Amino acid sequence: MVIRLKKNKEKAVLNFHPWIFSGAVGSEEKDLSSGDTVRVETSTGEFLAWGHYDPKSQIRIRLFSFDQNEEGSTESYWISKWTDILESKLKLLPKDTTGFRLFHSEGDGVPGIIVDCYHKTAVMQLKTPGALRLRNWLVSFLSSKGFETILEKNEKPDDKQGGDATFHKGKDTEAIFTEHGIQFIADITKGQKTGFFLDQRDNRALVSRYAKGRTVLNTFAYSGAFSVYALLAGAKTVHSLDISKQAIELCERNLVLNGFSFEKEPISHKSLVLDSFDYLKNMESSFYDLIILDPPAFTKSIATVNQASRGYKDINMRSMAKIKPGGLIFTFSCSQHISFDLFKKIVFGAAKDAKKRVRILHHLTQSPDHGYSVFHPEGEYLKGLVIQVDGDT
């Protein structure tokens, strides 16, 4: 199957960008079906790339190879490609870590395929027709690598907890894995995304460097992973805040899993089932000296970027206004449409309105197993800063 681009529309492909939008497509064969592998050519018939076709998407073709000899029509091609990615990912993992992202869509040259691994459990998300065509080969590959549970999960449109889940192997609804030697539970069927946010691994480790002796607030806490790291590092007190009771229950289970007891003796942890926006607005001043702001994506489209920016500004401004002088804020955005430059401008605006002197100590991003292609900057979705609030301006 061949698709030719319009004249002078090949520049992005020549720059190895993996997306071809519908407006760039010139001619396409009539009998093309959704998910078909297509050969992409210039308007004059010169080879450009191989990709998967999706007639219902503005991203009409997602490219997986720029080599004329790699058509990708055989199982052996994909098995070889997936094996190379697996070997590469294992070399990136820190010691005592069994939770990682195996396939990161365009970042790994496998568009539409997300696979997160939790020890012997693999959770797949197949987001495109082309990825769905590879389902059986992918399940076979994962099974051959020793995964005892293989789950395919599709998110709900509103990205809330749950979603359609299909077991291809095994039936365990939770998985226990390690991260830097710390144990966690991934709720793979009811939890958000694939069950856990593996992309924050290195940023959680950084919290450990600063948490000792501090009073910590972990907003939008979900599984409480930041809280576990902070307590194990010697934090004086940790408060885990989330509007979801189910999330807080998971947080407490993760604390127990790592040796903290709620029955035998009190621990320096408090669970708060409350709205993070309201809590930040009304919380006591100068009580916390380390605040973690890791909210869900406030926007999933360009149309709502301004509204999302106001949300990010609000939580940062309130945190700056209330944190103890000299305190640290770990602040994040996982919204793809919020660029790093825009995120820093939002933090600047929050500091200005809060009338606080703020210094940037670290720039943060997703963990290495979530790496993105230099040719596909859209893959950089997680942006973070560690800032120190020194006092009033």
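Quick notes on this structure:
- Close amide H contacts of Ile291 (hydrogens built in the peptide plane, cut-off under 5 Å, sequence separation of 5 or more or a different chain): Leu217, Leu328, Ile329, Phe330.
- Isotropic mean projected area of the C-alpha convex hull, the chain (nm²): 20.0 nm²
- Within the accessible area of the stretch 133-252, the carbon and sulfur atoms contribute 46%, probe 1.4 Å, all protein chains present.
- Mean Cβ neighbour count within 10 Å, used as a protection proxy, ranking 310-319, 89-98 highest first: 310-319, 89-98
- Computed over protein heavy atoms with a 1.4 Å probe, the carbon and sulfur contribution to the accessible area of the stretch 277-373 reaches 53%.
- Note on the stretch 218-345: semi-axes of the ellipsoid equivalent to its C-alpha gyration tensor, largest first and rounded to whole Å, are 27, 17, 12.
- Relative contact order (%) - the stretch 304-381, alpha-carbon pairs under 8 angstrom, separation at least six: 37 percent
- The three principal axes of the Cα atoms in the stretch 350-393 give end-to-end lengths of 41, 17, 11 Å, sorted in falling order.
- Each of the peptides 177-183, 81-87, 212-218 was scored by the mean count of other Cβ atoms within 10 Å over its residues; in descending order, highest first, they stand as 212-218, 177-183, 81-87.
- At a probe radius of 1.4 angstrom, the accessible area of the chain per residue rounds to 45 square angstrom.
- Relative contact order for the chain, counting Cα pairs under 8 Å that sit 6 or more residues apart, in percent: 11 percent
- DSSP beta bridges in the chain [antiparallel fraction, %, rounded to 5]: 70 percent
The values are calculated or read from the model by the stated rules, or taken from the named source; none is laboratory data. These numbers were taken from a predicted model, which means no experiment stands behind them. Backbone-built Cβ (ideal geometry, glycine too); neighbour counts: all protein chains shown. All accessible areas refer to the heavy atoms of the entire protein, side chains included, with ligands and DNA or RNA removed. Shrake-Rupley method; radii C 1.70, N 1.55, O 1.52, S 1.80 Å.
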